[in-house]
Amino acid sequence: MPLTGPSCTELARRADTSALTARRRLEALAHGMVVRLATEVDLARLGIRTEALMWMTVAPGGLEETGRRLSRHPQVRFASATTGSANLLVAVAAADLDALYLFLSDTVGALEHVTTIEVTPILTGIKRTGLVRPGSL
C-alpha cells in the first residue's frame, strides 16, 4: 500500500531547499511538538467492524476519574469532557455488536458515576484524521 503525503524530496522541492534540510526541519517540528504525524489504520484489517460514539452524563465529582478509566481501555479510541446534556464523549471500537454490548454492560456498567448514556453507532466513516475516504458514501 503506498504512503500518502509528500516525501522529504518533494517537501524540499516545494520549500526550495535540500532534502536533508527538509528532513531536519520536519524532525525539529515534530520533536518540538509543533506538528504531529498521525497514522490512519484500516480498523477492518484488525478485525474491528463496529464503532460507536457514547454520549455520557457523569456526576461532576466523578468526571475526571471516569474519563481516565475509560481512556485506558483498549477499545476506547477517544475520550473527552464536554458540555451540554452529556459531559463525556467516548469513541469506542469493537470487533462486532456483541463486543460493543459487552463493553457497555461490563465496562461502562461498572462505572458508578455514569447516570445516563446514549450510544450512536457509526454506520460508515467518510473522513478521519484529515483524510477523506474515497467511496465512503
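The values are calculated or read from the model by the stated rules, or taken from the named source; none is laboratory data. What you are looking at is a predicted structure, and each value in this text was computed from that prediction instead of being measured. Glycine gets a Cβ as well: all are built from the backbone with ideal geometry, and neighbour counts include every protein chain shown. Quick note on the areas: whole protein, heavy atoms, side chains included, nothing else; ligands and nucleic acids left out. Shrake-Rupley method; radii C 1.70, N 1.55, O 1.52, S 1.80 Å.
Given the condition over 30 Å from A99 (Cα atoms), in contact with a helix residue (DSSP H, G or I) (Cβ under 6 Å, 6 or more places away or on another chain) and either without any contact (Cβ under 8 Å) to a residue 24 or more places away in the chain or open to solvent by less than 60 Å² (accessible area, probe 1.4 Å) (or both), answer yes or no: does some residue in region 23-33 qualify? Scanning region 23-33, I find at least one residue that is over 30 Å from A99 (Cα atoms), in contact with a helix residue (DSSP H, G or I) (Cβ under 6 Å, 6 or more places away or on another chain) and either without any contact (Cβ under 8 Å) to a residue 24 or more places away in the chain or open to solvent by less than 60 Å² (accessible area, probe 1.4 Å) (or both), so the answer is yes. In region 49-91, which residues are small (G, A, S), within 18 Å of the chain's Cα centre (by Cα) and part of a helix (DSSP H, G or I)? Matches in region 49-91: G67, S71.
Would you check if A94 is of a type in the set (A, V, I, L, M) and out of contact with any Pro (no Cβ under 6 Å at 6 or more places or on another chain)? So A94 passes the test. Taken as a whole, the condition of being open to solvent by 100 Å² or more (accessible area, probe 1.4 Å) and part of a helix (DSSP H, G or I) applies to R45. Do we find that A38 is at negative phi and assigned to a helix (DSSP H, G or I) in this structure? No: the conditions fail for A38. Of all residues in region 92-129, those satisfying the criterion of being among the small types (G, A, S) and in a strand (DSSP E or B) are A93, A94.
Filtering region 100-120 to residues that are out of contact with any Ser or Thr (no Cβ under 7 Å at 6 or more places or on another chain), more than 12 Å from M54 (Cα to Cα) and open to solvent by less than 60 Å² (accessible area, probe 1.4 Å) leaves S105, T107, G109.
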